[in-house]
1. Out of F:Asp186, F:Asp169, F:Asp210, report the one residue that is closer than 17 Å to F:Val113 by Cα and among the acidic types (Asp, Glu).
2. Suppose the filter is assigned to a strand (DSSP E or B) and buried (at least 22 other Cβ atoms within 10 Å of the Cβ); does A:Ser54 pass it?
3. Among all residue pairs at least 6 apart or on different chains, which show Cβ distances below 9 Å where the first residue, located in the range E:140-154, is within 14 Å of chain A (Cβ to nearest Cβ) and the second is aromatic (Phe, Trp, Tyr) and part of a loop (DSSP other than H, G, I, E, B)?
4. Going through B:Leu62, B:Leu22 one at a time, which residue ends up being open to solvent by less than 30 Å² (accessible area, probe 1.4 Å), part of a strand (DSSP E or B) and not polar (S, T, N, Q)?
5. Could you list, in sequence order, the residues of the range C:83-125 that are open to solvent by less than 10 Å² (accessible area, probe 1.4 Å), more than 23 Å from D:Pro64 (Cα to Cα) and within 10 Å of chain B (Cβ to nearest Cβ)?
6. Would it be correct to say that A:Ile136 is open to solvent by 20 Å² or more (accessible area, probe 1.4 Å), of a type outside the set (Asp, Glu) and touching a residue at least 24 places away in the same chain (Cβ under 8 Å)?
7. Which of the residues spanning the range B:210-220 are under 21 Å from C:Ser103 (Cβ atoms) and either in contact with an Asp or Glu (Cβ under 6 Å, 6 or more places away or on another chain) or open to solvent by 50 Å² or more (accessible area, probe 1.4 Å) (or both)?
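The values are calculated or read from the model by the stated rules, or taken from the named source; none is laboratory data. A quick note: this is a predicted structure, and the numbers were derived from the prediction, not measured. All Cβ positions, glycine included, derive from the backbone under ideal geometry; neighbour counts span all protein chains shown. Areas reflect the complete protein model, heavy atoms only, side chains present, ligands, DNA and RNA absent. Shrake-Rupley method; radii C 1.70, N 1.55, O 1.52, S 1.80 Å.
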Protein chains: 6
Amino acid sequence: MYELGVVYRNIQRTEAHIADRLAAFGSATVHEAMGRVGLMKPYMRPVYAGAQVSGTAVTVLLHPGDNWMMHVVAEQIRPGDVVVAAITAECTDGYFGDLLATSFQARGARALVIDGGARDVKTLTEMKFPVWSRAISSKGTIKSTLGSVNIPVVCAGALVTPGDVIVADDDGVVCVPRSMAAATLDAATKREANEGEKRAKLASGVLGLDMYSMREPLAKAGLRYID
Amino acid sequence: MYELGVVYRNIQRTEAHIADRLAAFGSATVHEAMGRVGLMKPYMRPVYAGAQVSGTAVTVLLHPGDNWMMHVVAEQIRPGDVVVAAITAECTDGYFGDLLATSFQARGARALVIDGGARDVKTLTEMKFPVWSRAISSKGTIKSTLGSVNIPVVCAGALVTPGDVIVADDDGVVCVPRSMAAATLDAATKREANEGEKRAKLASGVLGLDMYSMREPLAKAGLRYID
Amino acid sequence: MYELGVVYRNIQRTEAHIADRLAAFGSATVHEAMGRVGLMKPYMRPVYAGAQVSGTAVTVLLHPGDNWMMHVVAEQIRPGDVVVAAITAECTDGYFGDLLATSFQARGARALVIDGGARDVKTLTEMKFPVWSRAISSKGTIKSTLGSVNIPVVCAGALVTPGDVIVADDDGVVCVPRSMAAATLDAATKREANEGEKRAKLASGVLGLDMYSMREPLAKAGLRYID
Amino acid sequence: MYELGVVYRNIQRTEAHIADRLAAFGSATVHEAMGRVGLMKPYMRPVYAGAQVSGTAVTVLLHPGDNWMMHVVAEQIRPGDVVVAAITAECTDGYFGDLLATSFQARGARALVIDGGARDVKTLTEMKFPVWSRAISSKGTIKSTLGSVNIPVVCAGALVTPGDVIVADDDGVVCVPRSMAAATLDAATKREANEGEKRAKLASGVLGLDMYSMREPLAKAGLRYID
Amino acid sequence: MYELGVVYRNIQRTEAHIADRLAAFGSATVHEAMGRVGLMKPYMRPVYAGAQVSGTAVTVLLHPGDNWMMHVVAEQIRPGDVVVAAITAECTDGYFGDLLATSFQARGARALVIDGGARDVKTLTEMKFPVWSRAISSKGTIKSTLGSVNIPVVCAGALVTPGDVIVADDDGVVCVPRSMAAATLDAATKREANEGEKRAKLASGVLGLDMYSMREPLAKAGLRYID
Amino acid sequence: MYELGVVYRNIQRTEAHIADRLAAFGSATVHEAMGRVGLMKPYMRPVYAGAQVSGTAVTVLLHPGDNWMMHVVAEQIRPGDVVVAAITAECTDGYFGDLLATSFQARGARALVIDGGARDVKTLTEMKFPVWSRAISSKGTIKSTLGSVNIPVVCAGALVTPGDVIVADDDGVVCVPRSMAAATLDAATKREANEGEKRAKLASGVLGLDMYSMREPLAKAGLRYID
C-alpha cells in the first residue's frame, strides 16, 4: 500500500453480474449483509438526492489541493466502474467539476466517491453524474504532485481495494471486498426475501415486539413495565 | 430521571386540541413565544424538506449502536404522538429505517426526532414519515442493552418530558413543556396576529427602523452615521 | 476596520455592468479567475438549491445572538446589492427570517450572505430570496448591542469590503474586490471561451491526459505504469 | 423548566457527607455506578489537568454572549457548591475569568462547569480554581439579558437540577441526581472494593479473559481462533 | 488584497514601544479594550502552555499543503515580529517544525500564528519558540506554489495587515490594527488600573452585584427572587 | 478484511531491531521518509505529553460502545507490541482505563492507539502507559458483540495490518507497513544525517532560501519583490 507514483493498469474487477446487482439492495442492506462493516463515514453525502448505484472500484490517491491524478485515473476507467478518490490529508477543496465529470462519464464511469470536495453541482445534477463527497466547494486545485492509481486506499474510513464493489445511495456508501461480493449478494437477497411480508405485518399494526419475539428476552434482561 | 430498564405506560399527554394547533406556527415562532428557550441544537435536520408537525412526545433512551428499545417504544405510541429518541452518548448510527417507520406510522406516530442517525431516507420520503435526526447513516445497530421508555430525556440539548409538545419543521425542533403549552399557544397566536400587516408594510418599503421605532434607541446607544 | 457603532452611508460600489455579469460564471470560475483566492469557507451553504447571483456588497457586523443592526443595514441597501453579515464570534442563531427578507427584497437586495443562522427557510424559498448561511436555526436573537454597517468585515474567512462583488451559487460564495472586478470579469470570460470545445472533446472520449498534454510532465515527475 | 428571569434562593442540596465523598471515585466510576448515564459530552474539558472535585450544583442559564447572570448566581453560592452554567444556544465566548473566579472562590464554590468558554486560564490555574468548559476564549461578553438561577438546566447534554451532585475530573463531568446520590455512593464504593485485587491479578499477568470468565461466552458467541 | 506571488519588503510596523507593551495585558484585556473585536477563532491554541507575547505582524499567505512561502517570509522577519500565516483553504498539515523555528528564532521572530498545523512540538517547547495553531500534525508539505508575503490576510477569522500588533497567550490570539494600537494600549492600561482593587474586594466576599451596582438594573429588567 | 469473530494468533511481526529503532525518529520524520503517507488523522492526540514510542501492531476491531474484544486482544500481546483499536463507527466512549492498561502493560504492550475514547487518564499518566486516542471520556462500554483480533483495520484513516510498525509521539501517529519498514528506517536515518548541520546553519542566520537554493525556482515561478 501507499506506493506513490504508480498506475496499476490491470486490476481484478468483481464480475459485472455480481457488482451490478448489488445496487438494488442499497447501502444499508448490503452493509448489514456483510456483518455491519465496510461503511464509509456518514459525512459522505450525495451531491444530489436519489441516485443509487453499484460498480467496480478504480482508485486514486490524491494529495491535498492537487487533482493531477484525476486525469490519470480517467484513462483506467472501464464501463461499470465507480471512481474512488482518497486524499493523504483532510481537504475539502473542489477536486472535481463538470469537465472531469464529462470525461469520466464518457469513459463509462457510473459515479465518483471522493473524500474531498466537488463543485459544479448544478451541472453534475443535470448530467446525472452522481458524486458522493465530504464537501461541496468552489476551491480550485493544482496539478503538481504524483499520487497513485489503483492501489488500495482508505476513503472516508473504509479500505477500498481496486476491483471491490462500491454501493452508494442516499443513505451512504459501502465497499464490498471482491472476495465477499458473491456471498454478500446472496445474503442481501435473503435479507430482502421476506421484507415485504414483514412490512405488511407491521403496516397492519403487528408490533416488532411480537413479530421478532422480543418480549421474552426483554423480560429476561429485566425490563419492567410501570403503570 | 435516568431510570434504566423501565417503561412508563401511563403518561400525561398535553391535550390534543393544544398540541395539534402548535404545528401551524412553526418552530421559530413557538420558541420565541416561550421566551427563546426549548430548542434542540441546529444539527437536528429533517431527512426531507417541507414537513411541519406537532404532537405529544413519547420518549425513548437508547445506548450507542443499540436500537432494541425502538421496538419497545412502538407499543406505547398513540395517534398524535411524536417519538423522541435520546442516546446516552454521541452516535450517528442508523437506528431507524423503513420497517420501524412502517410500524410507527401504523401506530399513529406523526414523526420521529432522534439524536442519532436514520436510514432508508428515500423510502421515508415516499412514505411521508418525517424524521429529524443528527445524521443519515446506513450503519446498522444491535439489540442487546436495555434503555427506557417514557422517562424524561435530553435530546439534542433539550429536556423532553413525556407528554410535552414537539414542534418541528425545516427550521428545527422545539419542545414545549406540557405546563406551558396552553400559554405558548396563546403567545404564538398573538405574535402571528399582526405579522401580515407588518409584512405588508415592509414589502411596501417601510423600514423596520421606523416600524419598530428603533431610531431613537439606536441613537441613544451611540450609533453614528457617516457620509 | 472594526469601528463599532458606525454606519457608512456612502460606499463605492463596483459598477453594475461588471457586478451583474459575474453571476453567470458562477463561484468556481470566478474564484479561479482571481487566482484561486477570495472564497468563503465551504460551510456556507444555500438555504435552497439553484440560486445563482452576483451583486455589490453592503456589509454589517453583528454580535452573537443580536440582530439589531440587520434593521440598520436594510436602510443602506440599493437595488443590486447583496448583504454580507459577519459576526464577532461563532454563532448559529437565526438572525434572519421572512420579515427581514421581505424588507431586504423590497429595498432591492438580491441575497443575504451570513456567517450565522437563518430561519423561515420554507418562506425564503417561496419568496425566492436566496440566503447563504452557516446554519439553519429557529433560535431568536435580541436587539441590544451596536455593531457597524459598511465597514470591511471578515465573513466565513473572506475579507469583504463594502462595494466588492459577491458571487454565490450552489458551489459556494466568493468575494471579488472592487479593484479586481473588471480584470476578473475578463479572465472569467476567457476561461469560459473554450470550455464548450473542451467539453465536446472530453465527451467524445478524448482524455484530459492528451487534451492538456500531461503525459510528458507526468512521466518526468516519475509516474510509472505497471501491467 | 426554562422559567426566565427568576432566581430560586432555596434549593434542596444533596447532603454534604454524600456529595463530598463522591469526588474520590472520579467521574468514570460514578457514572458506571449510576448505570452508565448522567455524563456530560466529552467536549467538556478541564482548563488545567489534575483537579478532581465533587459538590452540590447551583445552576445558571445564560444567553449567548451574555454573562450578566454569573453575578446573580454568585450570591447563591454556598461553600461546597459547584456552579453549573448552561447557555440557550451554542457559544464559545469567554463568560468567566479571574475576577468572577475570585468572587466564586470567596463564596466557597469548588469549581465551575460551563457549556461555553472560559478565559484567564493562567490565573485560574494559579488560583487553583478548576473550570470545565467547552472552549477557552478571550471573547468578552455583555450584560444585557435575563436568564435564571437555580432552575433545572441542560448542560453539555446532561440534565442538572439544583442540588444534584457534580463529579468532575480529568476524564469528564457527571451529574448525580440528588435522589440517587446515596445509592450511587454505595454502588461506587462496592465497585472500588475489589479493584485493588483485580489490578494486582492483572499486573501479575492474569488475563481479563480468565479473571472475568469470558472464554465461554465468547466461544458461545462464535469466536474462532485461527493459527 | 489577495495579490499572489508578491513580497512586500517595506511595511509600516507599529512602533516597538507600543507593540512590546501590549503583551503584558494578555489577549482578553486587549480585545476588550478594542471593543470586543479582533479575536481569532478559539480553535487557535498554543502548542505549549504559558507563553504570552506581543509583536508586529509579518504575514504570509500559503496554499493547502504547501509551505514554500515560509522560507520566503523568514527573510522579511525583523526582531520583534510575529509571523502570521494564513492558508487559502482549511488545512491541518504540519507546515512548520523545528528547522523553520530555528530559522525564525535566529531572525528575531517571537512567535508563529498559523491557521494550519505545526509539528515537532516537543522541540518547539524546548526551544521556547511559541506557536499558536489550529492543529498539531506530522503531515509534511510540499514546495510548489507561490503565495505572498506581507499582504493583508485573514487568519482564523481575523484580518491581519502587516505591521499590526499580535497579542497571544493561553486564552487566544488578538490582532490590533496599527492605527488603533496606541489607543488600545491606553484603554488596556486604564482597564487594568483598578483591577487589583476589584479583585481584593471580590476576594473579601463583596459581590459583583453590589460592586458594579447591578441590583437595580436587574430588577428593572424584571428579575424576581423566589424563596 | 472485515472478517468478524476471528482471532489470528500467528502474525508476522516486523523484526524488533527495525521496529524498535523507528521511535527515535518521531512520527514526522518517519512519515516523510515513507513519502508523506501512512499518517493517522491529526485528531489522534496523546492523553499525556512527552511519550515517544514505536512497536509492532496487534489490531482489534470493536463495535461502538463495546470493549469486549479488548480482553481478547490482551492475550495476543507480546512484548514490544502496540495495540491498535479500530471501531466500526465513530464513537468517543471510554473503551480503555487503568485496569486494561495494567493488563496490557503486564503483557508487554508499549502503548495503545485507539480511534475512540480512553479514561482514567490520571492513572495512565502515573503508570506511564501512553495512549493516543480521539477523545477522553468517562463513558463506560458493554461486552456484548464480537469483533476481531489481528485482522487489517482502518484506524483514524490509516490502514494497519497486524505486524506493521506504529510510531507515535506528540506530533501524531504513523503506520509503517512491514514490507516498507527496513527501507523507511534507512530513509529516516539519511534524512536525519545532516539535520544537525542544517540546524546550525539556520541558527547562525543563514536563510532556507539560500541553504536550499530556492531563490532561482521562486523567481522562475514568478515571485516579485516590491519595495
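1. On the way: F:Asp186 fails: closer than 17 Å to F:Val113 by Cα; F:Asp210 fails: closer than 17 Å to F:Val113 by Cα.
Of F:Asp186, F:Asp169, F:Asp210, the one residue that is closer than 17 Å to F:Val113 by Cα and among the acidic types (Asp, Glu) is F:Asp169.
2. On the way: assigned to a strand (DSSP E or B): yes; buried (at least 22 other Cβ atoms within 10 Å of the Cβ): yes.
In short, yes.
3. Cβ pairs passing all conditions: E:Lys143/F:Tyr212.
4. Working: B:Leu22 fails: part of a strand (DSSP E or B).
Being open to solvent by less than 30 Å² (accessible area, probe 1.4 Å), part of a strand (DSSP E or B) and not polar (S, T, N, Q) holds for just one of B:Leu62, B:Leu22, which is B:Leu62.
5. Correct list: C:Ala101, C:Ser103, C:Phe104, C:Leu124.
6. Working: open to solvent by 20 Å² or more (accessible area, probe 1.4 Å): yes; of a type outside the set (Asp, Glu): yes; touching a residue at least 24 places away in the same chain (Cβ under 8 Å): yes.
The answer is yes for A:Ile136.
7. Filtering the range B:210-220 for residues under 21 Å from C:Ser103 (Cβ atoms) gives B:210-219.
B:Asp210, B:Tyr212, B:Ser213, B:Arg215, B:Glu216, B:Pro217, B:Ala219, listed by residue number.
Here is a yes/no grid of residues against (1) within 23 Å of C:Met70 (Cα to Cα); (2) charged (D, E, K, R):
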position	(1), (2)
B:Arg134	no, yes
B:Pro152	no, no
B:Ala156	no, no
B:Val173	no, no
B:Ala219	yes, no
